[in-house]
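Shown next, in structure tokens, is the structure this report addresses.
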Amino acid sequence: MTAGRSRGIAAPALPLLLVGLAIAALSLVPLGYVIWTTAELGRDEAAEFLWRPRIGELLWNTTRLLVVGVLTSTVVGVAGAWIVERTDVPGRGWWHGLLCAPLAVPAFVNGYGWVSTTHAVQSYWGAVMVVTLSYYPLVYLPTVAALRRLDPSVEEVATALGKGVGAVFLRVTLPAISPAVLGGALLVGLHLLAEYGALQLLNYPTLTTAILQQYATVFNGPAATLLALVLVTFCLLLLGLELLLRGRRPRARVGSGTSRTATPLRLGRLRPAVVGGLAGLAVWSLGVPLAALVRWLARGTSAGLDTAELTSAIWSTLSLALLAGVVTTAAAVPVVWLAVRHRGLLTTAIERSVYTASALPGIVIALALVTVSIRSVPWMYQTLALLVAGYLILFLPRAVVSVRATFELVPPGLEDVARNLGCSGPGVAARVTLPLVLPGMATAAALVALATSTELTATLLLAPLGTDTLATEFWSDASSIAYGAAAPYALALIVLSVPSTWLLARLSMRSGEAT
């Protein structure tokens, strides 16, 4: 049963609002930089540039990859989650782990594995396949968590009324889990807009690859930031669509509701086909890139492996991932708190603003921070603080989506009861709200840490001198077609990503037991 609010929406405390505004302002720095730099172009010059046939081709490539990539990732993610959670497929735990595992393989490593296996993937459908195999877990994980928390009696009542499996899913299950599905789909879309490494290896030109090419030929050119402004437009369209589809219906409820497990649907004669489909997905998303890595490792490296260099890259990657995960998750909490508990035009704008930079390539965000730091706070240039700020801007959307998915399930009535019992605002947060949101916070930290360890372009520009990560070392070798030298770094990157992936898999299975 859904619990309504026991009181009207209260105005947020001033400190909380100021923190939210500060985070929003930081997130909007890249957008301000893009607009300011683009303004250097005259209106006629900008219009002439955008009306070029090449720009039309890039827009078409970006749009069709975005639409089809999001749809395929969503279908695969939701279908996988429903099979694992609602059917009697054998080895559910093993399949859950295998379906989460692609998160440990960065998209550019996936593209490297496929391209080094066959050049046939250097096409539109090859790009769709690679991005789907890389990003569908972003939909799968929140969907699994939502299905585990969904009261199975709701579906059982619909079945008892004579509804078929398909009708129950479309009319009952899907609407109930839609916030999780939409949040995951939004993340996939934002990732696709900013993806560079995999698409560059696949030789599939998009707005993002064109921006990097512009910067390679005319560093910090206004034409490149004009293309970035087009990417921001795509991002705003995605945000508006997700907000429209999400709606305003409250979804928090009081009571466990899901203390018992849903009765699994018998697959019967479909079991071999379902198991074969899951096995094929695992081989396609994991087998091919891992086999390519093993093959290149077996052939030896193009140059001798520097163990000290590899160890240093591992330590830098691990340290940055942990630091960015903690800082970004901490920043997501006040943003979500404002958006959920103090919903209004200003608080919604604060939450939506954190997404704008995620559609920009990492190099645009990095250049924005470099420009601002040199002109306003020169002491921050090439410091760890500036690099972490770049990670925060890039990956805050992941943390916000994860924290919000759990925060929306916390009944506001519990907080009202705590206040009536004499708890102050901070006391309510520490004793009631935050403990219930911990699964979402842990998921957010793991997602950000995973993304940080595989981030490439922003790290290349913002990292302090002498700081090299596994991703930057891998790209240095792979872009030089030194596949053998790149393989150890790619393998280390995957191994380092396994703990975060395992944690995400565990949390998605347990989050349904929260609240």
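Every condition in (1) at pLDDT below 85; (2) more than 19 Å from VAL70 (Cβ to Cβ); (3) surrounded by 14 or more Cβ atoms within 10 Å (Cβ to Cβ) is met by GLN200 except one, and the failing one is (1).
Mind checking which helices (runs of 4 or more DSSP H) fall wholly inside the stretch 10-78 and carry at least 3 residues that are surrounded by 14 or more Cβ atoms within 10 Å (Cβ to Cβ) and either within 19 Å of the chain's Cα centre (by Cα) or small (Gly, Ala, Ser) (or both)? Outline the logic, then answer.
Numbers: elements: 14-27, 29-38, 43-50.
The helices (runs of 4 or more DSSP H) meeting that bar are 14-27.
ALA46 meets all of the listed conditions (1) in contact with a Gly (Cβ under 9 Å, 6 or more places away or on another chain); (2) under 30 Å from VAL370 (Cα atoms) but one, namely (1). Exactly one residue among ILE363, ILE374 is in contact with a Ser or Thr (Cβ under 6 Å, 6 or more places away or on another chain) and not charged (D, E, K, R), and that residue is ILE363.
Any residue at all in the stretch 405-421 that is assigned to a loop (DSSP other than H, G, I, E, B), surrounded by fewer than 18 Cβ atoms within 10 Å (Cβ to Cβ), modelled with pLDDT under 70 and not aliphatic (A, V, I, L, M)? Checking the stretch 405-421: not a single residue is assigned to a loop (DSSP other than H, G, I, E, B), surrounded by fewer than 18 Cβ atoms within 10 Å (Cβ to Cβ), modelled with pLDDT under 70 and not aliphatic (A, V, I, L, M).
Being in a helix (DSSP H, G or I), at pLDDT below 90, of a type outside the set (Ser, Thr, Tyr) and within 30 Å of ILE350 (Cβ to Cβ) holds for only one residue in LEU322, LEU270, LEU338, LEU293, and it is LEU338. Does any residue of the stretch 481-493 turn out to be outside any helix (DSSP H, G or I), surrounded by fewer than 23 Cβ atoms within 10 Å (Cβ to Cβ) and modelled with pLDDT under 75? Looking through the stretch 481-493, at least one residue is outside any helix (DSSP H, G or I), surrounded by fewer than 23 Cβ atoms within 10 Å (Cβ to Cβ) and modelled with pLDDT under 75.
The condition (being open to solvent by 20 Å² or more (accessible area, probe 1.4 Å), modelled with pLDDT under 90, assigned to a helix (DSSP H, G or I) and of a type in the set (A, V, I, L, M)) is satisfied by just one residue among ILE374, ILE365: ILE374. THR117 meets each of the listed conditions (1) farther than 22 Å from SER497 by Cα; (2) in a helix (DSSP H, G or I); (3) open to solvent by 20 Å² or more (accessible area, probe 1.4 Å) apart from (2). Scanning for something modelled with pLDDT under 85 and either open to solvent by less than 10 Å² (accessible area, probe 1.4 Å) or under 22 Å from THR457 (Cα atoms) (or both), does the stretch 305-316 turn up at least one residue? Checking the stretch 305-316: at least one residue is modelled with pLDDT under 85 and either open to solvent by less than 10 Å² (accessible area, probe 1.4 Å) or under 22 Å from THR457 (Cα atoms) (or both).
Considering the stretch 377-398 alone, what residues qualify as being modelled with pLDDT of 85 or more and closer than 21 Å to VAL336 by Cβ? Across the stretch 377-398, the qualifying residues are VAL388, ALA389, TYR391, LEU392, ILE393, LEU394, PHE395, LEU396, PRO397. Among the residues making up the stretch 164-184, a single one is at pLDDT 85 or above and either in contact with a His (Cβ under 9 Å, 6 or more places away or on another chain) or open to solvent by 20 Å² or more (accessible area, probe 1.4 Å) (or both): LEU182.
The values are calculated or read from the model by the stated rules, or taken from the named source; none is laboratory data. The model shown is predicted, which means the values in this text are computed figures rather than measured ones. Don't worry about glycine lacking a Cβ; one is built from the backbone with ideal geometry, like all the others, and counts go over all protein chains shown. Quick note on the areas: whole protein, heavy atoms, side chains included, nothing else; ligands and nucleic acids left out. Shrake-Rupley method; radii C 1.70, N 1.55, O 1.52, S 1.80 Å.
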